[in-house]
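As structure tokens, the structure follows; a few thoughts come after it.
The values are calculated or read from the model by the stated rules, or taken from the named source; none is laboratory data. What you see is a predicted model, and the numbers here were worked out from it, not measured in a lab. FYI the Cβ positions are ideal-geometry reconstructions off the backbone, even for glycines, and counts take in every protein chain you see.
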Amino acid sequence: MTTVALKPATMAQALTRALRDAMADDPSVHVMGEDVGTLGGVFRVTDGLAKEFGEDRCTDTPLAEAGILGTAVGMAMYGLRPVVEMQFDAFAYPAFEQLISHVARMRNRTRGTMPLPITIRVPYGGGIGGVEHHSDSSEAYYMATPGLHVVTPATVADAYGLLRASIASDDPVVFLEPKRLYWSKDSWNPEDPQSVEPIGRAVVRRSGRSATLITYGPSVPVCLEAAEAAREEGWDLEVVDLRSLVPFDDETVCASVRRTGRAVVVHESGGFGGPGGEIAARVTERCFHHLEAPVLRVAGFDIPYPPPMLERHHLPGVDRILDAVGRLQWEAES
Amino acid sequence: MTVMEQRGAYRPSPPPAWQPRTDPAPLLPDAEPYRVLGTEAAAKADPGLLRRLYAELVRGRRYNTQATALTKQGRLAVYPSSTGQEACEVAAALALEERDWLFPSYRDTLAAVARGVDPVQALTLLRGDWHTGYDPREHRVAPLCTPLATQLPHAVGLAHAARLKGDDVVALALVGDGGTSEGDFHEALNFAAVWQAPVVFLVQNNGFAISVPLAKQTAAPSLAHKAVGYGMPGRLVDGNDAAAVHEVLTDAVRHARAGGGPTLIEAITYRIDAHTNADDATRYRGDSEVETWRGHDPIALLEHELTERGLLDEAGKQAAMDAAEAMAADLRERMNQDPRLDPRDLFAQVYAEPTQQLREQQAQLQAELDAESEGSHR
């Protein structure tokens, strides 16, 4: 293995490297899905894996998501560690019965005798101009299913570290990859052993004193941009990147909100029944006496995902975030 | 050259040669379900195997009647009986080697028991004190599967994984006629054929999906014919002829083990009892149909064959019945003991390590339990 110095890499490259390293370290890791072999995946995340490890380790499956995940269950039952690719968020729905009725509960229903170490990679979210069925934020469905971990990276380093941790986990992990961050670049050293991140720990991406933006995945860079813009308004915003929706890191989130006294949850997923409602409730239950204002949500509208030429109106942007921050009852302070 | 000039130069030519990717003829099932008992093939059957099948059938029937009785006594929440289908259940278990895997549906507790799963542990799901009552790895029996046909892709994946690891393990998946309408049936068979996975699919066509007859389920010539569309052989067998089911299954398992790929087998049988004890079969079928099938009973068929050939006498029958009664008595006695319930188990094994949220909820439950026991001691 050659040593790679810190240099710019994309999130997609970091994901590829994570898959490659996991496959090299553990012969039981198998990658499978639609177009993941010869083509290297429609986003090229599995590029080169079939060539390096053979088609038995990186397999082009028939085009059938329930079959892909269902056979992965059987492979995991026999001791393999499948990494399944769902080609797009909305293409994962046919696999939901396998996911909910088997993947999520096999450990529990067998009293731990049959854990299923399956990683399900799902490119998710909008902002890439995708036509219908290519831009859904489906995380609330996964969060509502006990037995699954739900992980989503926002940085290049996390993409590597969290995917390695997900594949190493003995529990099933839904690994949500923010499509519009696939080509985001960052300086990153894949040889740093500390880059394998534990699942379930949020991280403060930007420290601030005025209010906390609680977010994850594709909305993290948007929140960081909003935090910069907020300085003009005199607000010093903290940005918490959840990284893992399940398990949820109450500790890091609440510590931040207790410091700032105000919070806005930001995500692309619809607000009604979305992750933000759960997060706002958790924060309110735990930090009520520290709060100067109700916890607000900035989310996608409660509509079917819009056509690409209209999606910018749907996605939470800097202005909508700043507008919400402006409604955090600052009057009481002056 | 302009587009119009290109068009002018266009010379029609035939498309690349086409031919079917597989010859469909060898994949087609026979015109009639395969039978052994009462035919010339019976003479070739191994007497020891026939006697073993008989003992297992008698035991299996008794297991069904005992489990049904336990529902009436409130000891089982529900029991989907396989009475009338014992030949399929027993042959499925006996056709496999130790190292092979069985993937049962919820109606296949008997197959699990015939493979060696403890009868009480096999009934845990239906008693309701836990979901899967046995360690699937102990006898290589996957959990009894309730969502229809969803266990079939598991069987394919396991068989595929075994082959990748170089193990000559075969998976046998059980499904009913209703299950063949599910998408997972289609996807499993397709994956199995594409991967040439060492897996065998046994469809027990017992005539009904709860109340819906096969005619409303499919327009296929037979369920076995569906195999051809996937590029695997389809076999039709008399599902009440234990010797025939065993032979067809054994052939398919051997074929799969040798690298020949999957087989779809349709066993024609009949569900003598209602769907479960909670069902009323008189709403959708007549007694005469049931009576007709009682005349083609799997135990009676085999008993007749064995008696005709002098392989079974009254003492032999009595011995089989005594063994079945002993099993039933043991099952009754153990099922009449209250199961051990610990509410704290609810939080065990949701994840490898409980999340902080689950730890908090577990503490809440513990406080409720403590308050309950304090109240009961007052």
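Quick look at the numbers
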{"item": "Number of the condition not met by A:A66 [criteria: (1) in contact with a Pro (Cβ under 6 Å, 6 or more places away or on another chain); (2) farther than 21 Å from B:A171 by Cβ]", "result": "(2)"}
{"item": "Odd one out for A:A24, checked against (1) surrounded by 20 or more Cβ atoms within 10 Å (Cβ to Cβ); (2) part of a helix (DSSP H, G or I); (3) out of contact with any helix residue (DSSP H, G or I) (no Cβ under 6 Å at 6 or more places or on another chain)", "result": "(1)"}
{"item": "In the stretch B:329-378, the residues that are more than 9 Å from chain A (Cβ to nearest Cβ) and in contact with an Asp or Glu (Cβ under 8 Å, 6 or more places away or on another chain)", "result": "B:P339, B:R340, B:L341"}
{"item": "Inter-residue pairs, beta-carbon under 9 Å, first on the phi > 0 side of the Ramachandran plot and in the stretch A:69-82, second among the hydrophobic types (A, V, I, L, M, F, W, C) and modelled with pLDDT of 95 or more, 6+ apart", "result": "A:G79/B:A161"}
{"item": "Selection count, the stretch A:49-63, where residues are buried (at least 21 other Cβ atoms within 10 Å of the Cβ) and either more than 10 Å from chain B (Cβ to nearest Cβ) or under 23 Å from the mean Cα position of the chain (by Cα) (or both)", "result": "2"}
{"item": "Leading residue by the ranking (nearest to the other protein chains (Cβ to nearest Cβ)) among those in the stretch B:117-131 that are part of a loop (DSSP other than H, G, I, E, B) and within 16 Å of the chain's Cα centre (by Cα)", "result": "B:V117"}
{"item": "Which listed residue is under 25 Å from B:L346 (Cα atoms) and in contact with a Phe, Trp or Tyr (Cβ under 8 Å, 6 or more places away or on another chain), from B:L174, B:L125", "result": "B:L125"}
{"item": "Test: residue in the stretch A:11-25 that is within 14 Å of chain B (Cβ to nearest Cβ), under 17 Å from B:L164 (Cα atoms) and in contact (Cβ under 8 Å) with a residue 12 or more places away in the chain", "result": "yes"}
{"item": "Total residues in the stretch A:122-157, condition among the hydrophobic types (A, V, I, L, M, F, W, C), closer than 21 Å to B:Q361 by Cβ and in contact (Cβ under 8 Å) with a residue 12 or more places away in the chain", "result": "4"}
{"item": "Identity of the residue in the stretch B:136-155, over 18 Å from B:L223 (Cβ atoms) and in contact (Cβ under 8 Å) with a residue 40 or more places away in the chain, that ends up nearest to the other protein chains (Cβ to nearest Cβ)", "result": "B:H154"}
{"item": "Every pair of residues 6+ apart whose Cβ atoms lie under 6 Å, when the first sits in the stretch B:355-371 and is under 19 Å from A:E251 (Cα atoms) while the second is in a helix (DSSP H, G or I)", "result": "B:L358/B:F347; B:Q362/B:F347"}
{"item": "Members of the stretch A:314-334 that are exposed (fewer than 12 other Cβ atoms within 10 Å of the Cβ) and closer than 28 Å to A:E132 by Cβ", "result": "A:D319"}
{"item": "Hits in the stretch A:73-101 (condition: within 20 Å of A:D26 (Cα to Cα) and over 21 Å from the mean Cα position of the chain (by Cα))", "result": "A:V73, A:G74, A:M75, A:A76, A:M77, A:Y78, A:G79, A:L80"}
{"item": "Whichever residue in the stretch A:79-90 is under 24 Å from B:H139 (Cα atoms) and crowded, with 24+ Cβ neighbours inside 10 Å and, among such residues, is farthest from the other protein chains (Cβ to nearest Cβ)", "result": "A:P82"}
{"item": "Condition check for A:D158: within 14 Å of chain B (Cβ to nearest Cβ) and closer than 25 Å to A:V29 by Cα", "result": "no"}
{"item": "Residues (in a helix (DSSP H, G or I) and either touching a Pro at 6+ places or on another chain (Cβ under 9 Å) or crowded, with 24+ Cβ neighbours inside 10 Å (or both)) located in the stretch B:153-177", "result": "B:P153, B:H154, B:A155, B:V156, B:G157, B:L158, B:A159, B:H160, B:A161, B:A162, B:R163"}
{"item": "Test for A:V174: is it within 19 Å of the chain's Cα centre (by Cα), in a helix (DSSP H, G or I), within 14 Å of chain B (Cβ to nearest Cβ) and farther than 13 Å from A:L15 by Cα", "result": "no"}
{"item": "Condition check for A:E278: surrounded by 15 or more Cβ atoms within 10 Å (Cβ to Cβ) and not β-branched (V, I, T)", "result": "yes"}
{"item": "Odd one out for B:Q196 among (1) under 18 Å from the mean Cα position of the chain (by Cα); (2) surrounded by fewer than 24 Cβ atoms within 10 Å (Cβ to Cβ); (3) in contact (Cβ under 8 Å) with a residue 60 or more places away in the chain", "result": "(1)"}
{"item": "Counted residues, the stretch B:168-222 - those being farther than 21 Å from B:P143 by Cβ, among the charged types (D, E, K, R) and within 14 Å of another protein chain (Cβ to nearest Cβ)", "result": "1"}
{"item": "Residue check for A:M32: within 23 Å of the chain's Cα centre (by Cα), aliphatic (A, V, I, L, M) and outside any loop (DSSP other than H, G, I, E, B)", "result": "yes"}
{"item": "All positions within the stretch B:203-220 that are surrounded by 18 or more Cβ atoms within 10 Å (Cβ to Cβ) and of a type in the set (V, I, T)", "result": "B:V203"}
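Residue-wise test of (1) β-branched (V, I, T); (2) within 20 Å of the chain's Cα centre (by Cα); (3) over 26 Å from B:L158 (Cβ atoms).
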position	(1), (2), (3)
B:V228	yes, no, no
B:D238	no, yes, yes
B:H246	no, yes, no
B:T250	yes, yes, no
B:P262	no, yes, no
B:I272	yes, yes, yes
B:D280	no, no, yes
B:Y284	no, no, yes
B:L311	no, no, yes
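Every residue, every condition in (1) touching a strand residue (DSSP E or B) at 6+ places or on another chain (Cβ under 9 Å); (2) buried (at least 21 other Cβ atoms within 10 Å of the Cβ); (3) at the interface with chain B (Cβ under 7 Å from one of its Cβ atoms), yes or no:
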| residue | (1), (2), (3) |
| --- | --- |
| A:G70 | no, yes, yes |
| A:A92 | yes, yes, no |
| A:A95 | yes, yes, no |
| A:V103 | yes, yes, no |
| A:G112 | no, no, yes |
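For every residue, the table says whether it meets (1) in contact with a helix residue (DSSP H, G or I) (Cβ under 8 Å, 6 or more places away or on another chain); (2) within 30 Å of A:T119 (Cα to Cα).
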| position | (1), (2) |
| --- | --- |
| A:E225 | yes, no |
| A:E232 | no, no |
| A:L237 | yes, no |
| A:V240 | yes, yes |
| A:D250 | yes, yes |
| A:R258 | yes, no |
| A:S269 | yes, yes |
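Here is a yes/no grid of residues against (1) surrounded by fewer than 18 Cβ atoms within 10 Å (Cβ to Cβ); (2) of a type outside the set (A, V, I, L, M, F, W, C); (3) closer than 19 Å to B:V199 by Cα:
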position	(1), (2), (3)
B:K72	yes, yes, no
B:A77	yes, no, no
B:T83	no, yes, no
B:A95	no, no, yes
B:S105	no, yes, yes
B:D108	no, yes, yes
B:D129	yes, yes, no
B:G133	no, yes, no
